[in-house]
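Beneath this line is the structure, given in structure tokens, with notes to follow.
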Amino acid sequence: MFFKILYTKKNLIDLSLQKIMKLAVFDVDRTLYDGYSSVEFVSYLKKKDIFPEKQYLEMNDLIKKLSYKKIPYLKAAHDYCLILGDGLKDINKQTIKKQAKMFFSEKKLYSYSADLVSLLKNHNYIILLLSNSLIELLGEVKDCLGADSVIGIELETIRGKYTGKILSEVHFEHGKSNSINRYLESNNIDLKDSIGMGDSDHDIGFLEMITHPVVINYRKELLAYAKKNNWMIADKENVLTKIKNIIK
């Protein structure tokens, strides 16, 4: 199994109304969540003496290299996940699920996030959250927003404890787009009239698949690519209006 999907909807077609459901895919960090959820969650776990010092320092060093542009973003995202898996090795999964619930706060979501998800759901969109964060944490975001599914970092467990092995592929260069393709296959839907939203060049791969790609809170690399390809560029003040213009 390459990735974890959590979902609450039994059908992607509303059989009572015979309405075909469309797909809206959201990167989470700096798109719906104000910040970097995984980095903040690891810092929280470190303060709780759950995440080890060695891997925590390795992560900080990696983030520092990224901030000074000494390492490409895609490699940093990949290596970060490897360190995350190593740091959580031998920790009980239920411990992390409990801590994720305690850590997550609705206040960390952008003011437009809930309205945006609600708007799309009211127009027959399935909401898929996609991120380089642990699925245990993404599940909290999903439940808060009323999203349908998440794809994120899944760690292997044996007898309830993490082994350190990563089962998902979202941290690879084409991991997000590959994961979406698997999701489409398993749920028998397509990308017709789909909407996607991201903030970094790591999102380019999946945004290229989408009918209506939208960039927000963007890194300059993504902004340049978006302008070149005539993608929609939004900000916190106009994102709801721009999405309404797509779906009307």
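The values are calculated or read from the model by the stated rules, or taken from the named source; none is laboratory data. For clarity, every value in this text was computed on a predicted model and none was experimentally measured. Here the Cβ positions follow ideal geometry from the backbone for every residue, glycine too, while neighbour counts run over all protein chains shown.
Numerical summary
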quantity: Lone unmet requirement of (1) out of contact with any helix residue (DSSP H, G or I) (no Cβ under 9 Å at 6 or more places or on another chain); (2) aliphatic (A, V, I, L, M); (3) farther than 21 Å from Cys81 by Cβ for Leu145; calculated: (1)
quantity: Options Ser67, Ser105: the member that is exposed (fewer than 15 other Cβ atoms within 10 Å of the Cβ), over 19 Å from the mean Cα position of the chain (by Cα) and polar (S, T, N, Q); calculated: Ser67
quantity: Those residues of the stretch 192-208 which are among the aliphatic types (A, V, I, L, M) and either modelled with pLDDT of 95 or more or surrounded by 22 or more Cβ atoms within 10 Å (Cβ to Cβ) (or both), in sequence order; calculated: Ile195, Met197, Leu207
quantity: Some residue of the stretch 30-42 being surrounded by 18 or more Cβ atoms within 10 Å (Cβ to Cβ), within 28 Å of Glu185 (Cβ to Cβ), in contact (Cβ under 8 Å) with a residue 60 or more places away in the chain and β-branched (Val, Ile, Thr); calculated: yes
quantity: Residue check for Asn132: within 22 Å of Ile20 (Cα to Cα) and in contact with a strand residue (DSSP E or B) (Cβ under 9 Å, 6 or more places away or on another chain); calculated: no
quantity: Of all residues in the stretch 209-222 being surrounded by fewer than 17 Cβ atoms within 10 Å (Cβ to Cβ) and at pLDDT below 95, the one that is farthest from Pro72 (Cα to Cα); calculated: Lys220
quantity: Unique match (being among the basic types (Lys, Arg) and at pLDDT 95 or above) among Lys142, Lys248; calculated: Lys142
quantity: Where Asn132 falls short, out of the listed (1) surrounded by fewer than 22 Cβ atoms within 10 Å (Cβ to Cβ); (2) modelled with pLDDT under 95; (3) of a type outside the set (A, V, I, L, M); calculated: (1)
